[in-house]
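Take a look at the structure set out below.
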Amino acid sequence: MQSVENEKKKNLKRSRSFPYEMPVTDTCVAQSLEDCILFPVEEIVQYPLPGYVAPTSIGFSPDDSLITYLFSPDHTLNRKVFAFDLETCKQELFFSPPDGGLDESNVSPEEKLRRERSRERGLGVTRYEWVKTSLKKRMIMVPLPVGIYFQEFSCSKPELKLASTSLSPIIDPHLSPDGTMLAYVRDHELHVINLLDDEPRQLTFGANGNTLTHGLAEYIAQEEMDRKNGYWWSLDSRFIAFTQVDSSEIPLFRIMHQGKSSVGADAQEDHAYPFAGASNVKVRLGVVSAAGGPATWMDLLCGEMHDGNNEEEYLARVNWMHGNILTAQVLNRSHSKLKILKFDINTGQRKVILVEEQDTWVTLHDCFTPLDVGVNRFSGGFIWASEKTGFRHLYLHDANGTCLGPITEGDWMVEQIAGVNEAAGLVYFTGTLDGPLESNLYSAKLFLDGNEPLQAPLRLTHGKGKHMVVLDHQMQSFVDIHDSLDFPPRVLLCSLSDGSLVMPLYEQPFTVPRFKRLQLEPPEIVQIQANDGTTLFGALYKPDETRFGPPPYKTLISVYGGPSVQLVCDSWMNTVDMRAQYLRSRGILVWKLDNRGTARRGLKFESCLKYNAGRIDAEDQLTGAEWLIKKGLAKVGHIGLYGWSYGGYLSAMTLARFPDIFRCAVSGAPVTSWDGYDTFYTEKYMGLPSENPAGYEYSSVMHHVHKIKGSLLIVHGMIDENVHFRHTARLVNALVSAGKPYELLIFPDERHMPRRFRDRIYMEERIWDFIERNL
C-alpha cells in the first residue's frame with residue numbers, strides 16, 4: 001500500500017518492513033545488559049503497540065475504485081489519510097494535515113472529554129468521511145482542531161472549508177448522505193453548511209451551554225450506551241433528527257485540579273453526573289429541515305422518573321427508515337424493556353412497532369437495519385437482533401414490526417451486521433459461530449421460501465482469530481483486518497462471494513528486531529471449570545524455564561472481569577499485552593481469566609453478574625488461582641492481582657474477600673462503592689439502590705476491608721470524570737478506620753487512564769516496585 005515518487009515509495013518500504021525500534025533509554029543503564037535488551041519498562045507504555053501499526057479506519061470510495069485508510073508511515077500515533085488505487089495497485093498520500101493535525105495540546109475541552117469516552121489515542125488525523133455527490137470528484141472531509149478540510153484526490157492543496165477555534169470549536173461534523181451539506185454542532189447548537197454555496201445556517205436555538213444543548217450526546221450516551229451522536233441525517237438528506245438534552249435537575253459534581261498552580265474557575269470543572277438512584281438528564285427528540293425552519297418535536301420525553309422504573313428513561317438509538325420515517329429505541333430504567341417507536345415527523349405522533357423484554361436486561365446493539373422500499377417482498381421492513389433465545393440472533397420484521405422469522409440461530413452470537421444485499425437476498429454479519437474466542441464474517445439468507453429450513457451461515461473469512469471487515473458498496477469484495485495470537489493485524493482484500501483472497505494489502509513480517517528483541521510469545525489458552533461446571537477460558541504467560549527454572553512461580557492475575565469485555569481471546573492484543581510480557585520476562589507468571597459475567601458468551605453467562613458484582617466474579621477468580629496452585633504453576637502466598645476500572649474494583653475486592661490466597665493487589669481507578677457510579681451502568685447490573693440496599697452494601701469494597709491481610713496499591717487520576725477520585729478517598733477512609741496499611745499512587749492531572757508519557761513510565765516503575773516487594 002504506498003507510492004508517489006520517492007517519499008511515497010519510501011513509505012511503502014517502511015509499511016512492509018516495519019523498521020520500528022526503541023531507542024536505548026536511561027532506564028537501561030541501571031539494569032543488566034540482558035534485561036535491557038529483553039524488555040525496558042518503557043516498552044509497556046509505547047503506543048502504538050508492536051504490530052498495531054497497520055492501516056485503520058478503512059473505507060471504500062463511493063465508486064469502489066479506492067480503498068482509503070489512516071496510516072502512520074513512521075509507525076507512531078500520528079496518522080495521515082492514504083488511498084490505495086485498486087486499478088493501479090499503488091498507494092498515494094491522500095491528505096496530510098497542513099499544521100500537523102491533532103495533538104493532545106490543541107484539542108478543545110469538549111473534544112478532550114469525547115476522546116476520553118471513546119478511548120481515542122490517535123493523533124494527526126483521527127477520522128474522515130467520503131463526500132458522496134453526483135459529481136465525478138473524489139473528495140474527503142477531514143475534521144481537525146483548526147477546522148474542516150476538504151481534499152480532492154490527486155489535488156495537492158486541501159481547502160479549509162470551515163474554521164474552528166478553541167473558544168468556539170466545531171463538534172461532531174458529519175456529511176449529508178448526498179454529500180451536498182455538512183452538519184455540525186457549535187456553541188451547543190446544530191448548524192449546517194451548504195457545500196454548493198458555502199453558506200452556514202443555524203438550525204436550532206435556545207441552548208444555553210450549561211444545562212440545555214442541541215445535537216450533542218449526553219455523558220451517559222457517550223460513556224455507557226455507545227451512542228456518540230446527538231443528531232442524525234435522514235436518508236434523503238432533507239431532514240435532521242436531533243436531541244435536546246436538559247441537565248438542569250442534576251446537581252453538578254465538581255472536580256478540582258489540585259495539581260495546578262492557579263485557583264478559581266481555571267482549576268475546576270463541573271459535570272452533570274447522574275449517580276445511581278438519582279435523576280438522569282431529560283432528552284427530547286426533534287426534527288428540523290436542513291433548509292431551516294421550526295423544529296417538530298416527537299412525542300417522546302426520556303428521563304422523567306416517576307415510579308422508579310420509567311418505561312422511557314433512556315434514548316438508546318435513533319434510525320431513519322426509507323420514506324422519512326424516524327425510529328427511536330427507548331429503554332426503561334431497569335433495562336428490562338426496550339421499545340422501538342416509529343414517528344410521523346410532520347406531527348410527532350408515535351407508534352410502538354416492537355417490544356423487547358428480558359428478565360435480566362436488554363443489551364443495546366447496532367443491528368437495526370431498515371430494508372429498501374420496492375427492492376424485496378418485505379418492503380419497508382427491517383432486520384433486528386434479539387437475545388430471546390439466550391444468544392443474539394437476527395430476525396426479519398415487516399414494516400409494522402411483526403416478526404417474520406429468524407435469519408440465524410444456535411448457541412453462538414451475532415455481533416455486527418456488516419452489510420445487506422437485498423437483491424441477492426443475503427445478509428453479511430460477524431459472529432462467534434466458530435467459537436467464542438474468535439470472530440468471523442458469515443453470510444445468511446435474508447428470506448426463506450415456504451417451509452424451507454434455516455440453513456447454517458456460510459463462513460467467508462479464513463484463518464483462526466479475529467476478523468474485522470469492511471464491505472464495498474457493490475457487494476463484490478471486502479477488506480479483512482485479520483489478527484490472531486500468532487500474528488499481528490494484516491489487511492487483505494477478499495471476494496465477498498466465497499471469501500477467497502483477491503490481494504494482500506498490508507502484512508508485517510516477524511523478522512523485525514523489536515519482535516525478536518522482546519521475545520514476545522503468545523499466551524497459552526486453557527479451559528477450566530467454574531464451581532457450577534461452566535467452562536471458563538484462561539490465558540497463561542509462563543516465564544522461560546531455561547532462565548527462571550521450573551514452576552511454581554510468583555504469579556500475578558491480570559483481571560477485568562466486568563460486563564461487555566472479553567480479555568481471553570485469539571487476538572494479537574493478548575500477545576502484545578506488554579505489561580504481561582514484561583512481568584513474564586522477569587520471572588512472574590501472568591494469568592488472565594474471563595469469569596462469568598464477561599462478554600461474548602451469551603445472555604445466561606453474562607447475566608450471572610445480575611446483583612452479583614463482587615461475588616461471583618471474585619469467586620471465579622479464586623477458582624482460577626486454585627487451579628494454578630493445583631497444577632503446580634503457582635503457590636499460596638505468592639499470588640497477586642492487577643486491574644483497572646472494573647478490574648481495579650475486582651482486584652481490591654478479591655484481595656479482601658480471600659485474604660489467605662492473595663498476597664497483594666494493584667487497584668487502578670477502582671469503583672469502590674456502586675452508589676458512587678452512574679445510573680445506566682450501575683442500575684443495569686445492581687438495580688436501584690433503594691431496591692437492593694443489601695446488594696449495594698455487600699458489593700462495596702469498604703464492606704470487606706477489615707479482612708485484608710495482603711498489601712494494596714491504589715492508583716488513581718485526580719481529575720477522573722468517569723470513576724471519580726472520590727472512590728479512592730472513600731476506600732482510604734475505610735482502610736484507616738480498619739487500621740489497614742495501603743499504598744497510594746495519584747496523578748493530579750490525569751483522568752481515567754494516565755496519558756502523559758512520563759506519567760505512564762512512572763506508574764509502571766512504581767507498579768513493578770510494588771510487585772517485586774510484595775510477591
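Computed from the coordinates by the stated procedures, all read-outs in this text should not be read as laboratory data. Just so you know, these numbers come straight off a predicted model, no measurement behind them. Reconstructed Cβ throughout: ideal geometry from the backbone, glycine too, with neighbour counts over all protein chains shown.
Among 585-598, 247-260, the peptide with the highest mean count of other Cβ atoms within 10 Å heads the list, and the full ranking is 585-598, 247-260. Specify whether the C-alpha gyration tensor of segment 191-311 places it in the rounded, prolate or oblate class, a ≥ b ≥ c being the square roots of the eigenvalues: rounded for a/c under 1.5, otherwise prolate if a/b is larger than b/c and oblate if not. The shape class here is oblate.
For segment 42-80 versus segment 594-633, the spacing of their alpha-carbon centroids is 35 Å.
Label 7 Å along Cα→Cβ of A267; segment 730-763 residues with amide nitrogen under 14 Å? Residues 748-749 qualify, since their backbone N sits under 14 Å from the label point.
With contributions of -39500 (n - 2.57) from each DSSP H run of at least four residues, the per-residue ellipticity at 222 nm computed over the chain stands at -5000 deg cm²/dmol. Reported to the nearest whole Å, the Cα centre-to-centre distance from segment 536-590 to segment 642-679 is 19. Annotation: lysines with alpha-carbon distance below 17 angstrom to K630 (same-chain offsets under eight excluded): K542, K554, K592. Please label the shape of the chain as rounded, prolate or oblate, based on the square roots a ≥ b ≥ c of the eigenvalues of the alpha-carbon gyration tensor (a/c under 1.5 means rounded; beyond that, a/b larger than b/c means prolate, else oblate). Rounded, because the longest to shortest axis ratio a/c is under 1.5.
Over 20 Å apart at the Cα level, from the set K112/K132; K282/K339; K388/K610, are K112/K132. Ordering 739-745, 479-485, 684-690 by mean Cβ neighbour count within 10 Å, with the highest value first, yields 479-485, 684-690, 739-745. Looking at the square roots a ≥ b ≥ c of the eigenvalues of the Cα gyration tensor of segment 492-597, which shape do they give, rounded for a/c under 1.5, prolate if a/b is larger than b/c, or oblate? In terms of gyration-tensor shape, oblate. From the alpha carbon centroid of segment 682-719 to that of segment 272-338 is 31 Å. Between E357 and R547, the simple spin-label model (points 7 angstrom out along Cα→Cβ) gives 5.9 nm.
Report note on the peptides 722-730, 492-500: ranked by the mean count of other C-beta atoms within 10 Å, highest first, their order is 722-730, 492-500.
Taking the Cα centre of segment 522-774 as reference, the dipole from Cβ charges on Lys and Arg (+1) and Asp and Glu (-1) amounts to some 520 debye. Given the chain, what percent of its DSSP beta bridges are antiparallel, to the nearest 5? DSSP beta bridges in the chain are roughly 85 percent antiparallel.
Give me the aspartates and glutamates in straight-line cross-link reach of K740: C-alpha distance below 17 Å, same-chain residues under 8 apart excluded. Correct list for K740: D660.
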